[in-house]
Every structure is written in structure tokens, then in C-alpha cells.
């Protein structure tokens with residue numbers, strides 16, 4: 001159901017983003033810079049059949065990158081995580097081969113304007129998640145209305161004070177083309193909708209993903225694995241949203257429901273006690289006692305992610321006359337999404353091409 005066709009009750013504010021109040025993310029490739037920070041010293045060795053490469057890619061998805069490397073080198077490629085397609089991303093891969101010299105000769109030939117490969121050295125083993133320390137980001141938000149700049153700054157400062165945010169999965173992991181909920185009249189009603197979706201109709205998530213495989217992968221080899229990942233990610237987001245709604249009774253919340261589902265409380269009203277309640281409730285073994293949730297929700301993921309080294313500056317946007325931009329720098333732990341942190345900062349839910357109107361529940 002499309003939210004713009006629904007007449008909202010007085011206590012739900014539909015957020016119609018006018019052209020005067022549009023923020024642009026990833027307007028240019030260098031507006032979204034990400035770099036992996038890995039434990040290199042303990043990984044390198046003098047000689048082996050495993051090569052460690054540092055790769056910088058522009059507007060190329062990680063899966064496309066791995067596909068390119070597999071075809072070029074014809075051997076196993078290991079990597080640490082998915083990076084945004086529309087960005088300039090620096091990440092590491094290892095290549096295990098018995099033809100080391102041949103691979104080294106090929107590395108320079110692959111380099112082009114969108115892809116740069118640098119040989120770091122020989123590795124003791126293939127890359128594993130334990131080798132990834134964090135991801136460093138430099139992100140520029142553009143086309144900001146000067147009347148809203150104070151709201152952005154307040155949210156950034158509040159986040160900097162608490163140094164954390166709700167650790168949802170974003171659309172790089174989940175991408176739903178249809179709404180899964182109708183508009184809720186109250187926070188309690190929305191919470192009940194979530195619980196019904198999660199626990200009453202036990203096969204609904206599995207059925208949804210199975211019926212829409214083409215939405216999640218263009219490569220058949222990844223479908224089964226992606227199904228499981230998407231199911232776990234969606235359940236995580238819904239469980240966390242449910243707890244957030246329950247523990248923030250007196251706080252307005254933003255509800256994102258386009259290609260994903262997540263609930264973010266107003267940062268201005270959010271306290272450390274609220275965060276503690278959410279963390280403890282979500283982390284409780286009783287929280288995931290239902291059989292269906294327990295069978296899929298096996299991964300350990302913190303509901304709250306802590307970030308480091310947050311800094312920002314705002315200035316005139318050279319690409320949008322009379323508008324402002326904000327440049328953000330921060331470091332995130334592995335597995336957390338920079339775009340989720342950005343959703344905490346943007347004063348209202350916004351998408352450049354808004355098909356379905358997100359809404360706020362007070």
C-alpha cells in the first residue's frame with residue numbers, strides 16, 4: 001500500500017520533502033569515501049602463495065569487483081565486506097594461487113580510471129573477518145536548505161555526545177520493493193504489526209524472500225546464501241524496531257519504510273538511560289524466544305554501534321547555488337552501516353526520489 005494515498009491521522013506527520021528541502025547523498029563518487037582499516041603487520045610474511053592486494057574502486061559493487069578478479073586471475077579471491085557501489089572505496093583482498101609471478105604481472109594491466117590494484121605483499125593466510133579492524137568514512141551531504149542546517153548540526157552534536165547509534169542493517173543488505181506494513185495509528189499499533197509479522201505468520205519472511213529472489217541477487221550462486229542473510233537482517237531490524245518502540249514511549253520516532261524497515265527515535269529527546277534499556281532488552285535471551293525467530297536469528301550483533309573520531313564542517317555547496325553541504329568524518333566498527341548513521345543525522349526521513357512517504361509517529 002502506498003502511503004501517499006492514505007490520509008494520516010493528526011498525530012502522524014507525513015513528511016513531504018519539497019525541492020527546497022532535499023539533501024543529496026552520493027551526488028558525486030567522491031562524496032562517499034570509505035577505507036578499510038585492517039591488521040596488516042600480523043598478516044604479512046616474506047613468501048607464500050597468497051597475495052594481499054589493496055584495491056580502490058569507483059562506482060563498482062563489491063560483488064562485481066570479485067567477479068572481475070575471478071575472471072582475470074582464475075583463482076580464489078577472499079574479501080572482508082561489501083562496500084557501497086556508488087562510492088570510492090578502498091578495500092583489501094587476498095588471492096591464493098600457485099602462479100604468483102603471473103598474477104603479479106596481471107595486476108598492473110587491470111588498472112583503469114575506475115579500478116586501481118596495489119600489491120601490498122605476501123599473506124600468511126586468506127583474509128578473514130578477524131583481520132578487519134574498522135571502516136573509515138568521509139561523507140558529504142549536499143543541497144541542504146540553510147534553514148535546516150541547525151537541525152543537522154544539533155543531531156551531529158548529540159550523536160557525538162553519546163558516540164553511538166542504532167545498529168540496523170541498511171539496504172545494501174535488505175532491499176524490499178514493497179511495503180510490509182500498513183500505516184499504524186500509534187506506536188503500540190505499529191509494534192503489534194511487527195510482532196504479528198515476525199511471530200504469528202511464521203513463514204511470511206521466508207515466503208516473501210523466496211517469491212522475490214530476483215530482487216536480491218542477479219547471480220544464482222548467491223541466492224541461497226543471500227536468502228538467509230536477508231532473512232536474518234530483516235528479523236534483526238524488526239526486532240530492534242520493536243524494542244525501540246517499546247522503550248521510547250514518550251519520544252517521537254522516525255519510521256523508514258522504503259526498501260527497508262527501521263525506527264529511529266528523536267535524538268534530541270533520547271537519553272543514555274533509554275539506550276541502556278534498549279540494549280539490555282534486546283540482548284536478553286528472552287527477547288528472541290519464539291521458535292521462528294530463534295531459528296534464523298542466530299548471529300550475534302549488537303543493537304547499538306559505537307563510532308570514533310567524528311568531525312564535521314559545513315560550507316557553501318559549489319554544485320547547488322545558495323545551498324549548503326556538510327562534510328562528515330568518522331570511523332565505524334566492522335559490520336555497521338554509514339548510511340544508517342546518516343539516517344540518524346538527517347532531520348526527517350528523506351529520499352531523493354520519494355515514491356512512498358515516510359512518516360513520524362509522536
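FYI, it's all coordinate maths here, none of it is from the lab. Just so we're clear, the structure is a prediction, and the values are computed from it rather than from any experiment. In this analysis, Cβ positions are derived from the backbone assuming ideal geometry, glycine residues included, and neighbour counts consider all displayed protein chains.
Between residue 133 and residue 268, take the C-beta separation as r, use R0 = 30 Å, and let me know the FRET efficiency to the nearest 0.05.
For R0 = 30 Å, the calculated efficiency reads 0.40.
Of interest is the spacing of the C-alpha centroids, which for the stretch 29-104 and the stretch 312-333 amounts to 29 Å. Counting beta carbons within 10 Å around each of 118, 150 and listing the fewest first gives the order 150, 118. What the Cβ-Cβ distance of residue 321 and residue 150 gives, at R0 = 25 Å and to the nearest 0.05, is a FRET efficiency of 0.75.
When 306, 312 are arranged by Cβ crowding within 10 Å, least crowded first, meaning fewest neighbours, the order is 306, 312.
Spin-label model, residue 279 to residue 161: label points 7 Å out along the Cα-to-beta-carbon direction sit 1.7 nm apart. Given their separation in residues at 0.36 nm each and the Cα-Cα distance between them, residue 125 and residue 56 gain 22.7 nm when the chain is fully extended.
Counting every other Cβ atom within 10 Å of each residue's Cβ, 113, 271, 241 order from fewest to most as 113, 271, 241.
For the stretch 32-132, the antiparallel share of DSSP beta bridges with both residues in that region comes to about 90%. Under the shape rule built on the C-alpha gyration tensor, where the axes satisfy a ≥ b ≥ c, the stretch 32-132 is oblate, since a/c reaches at least 1.5 while a/b does not exceed b/c.
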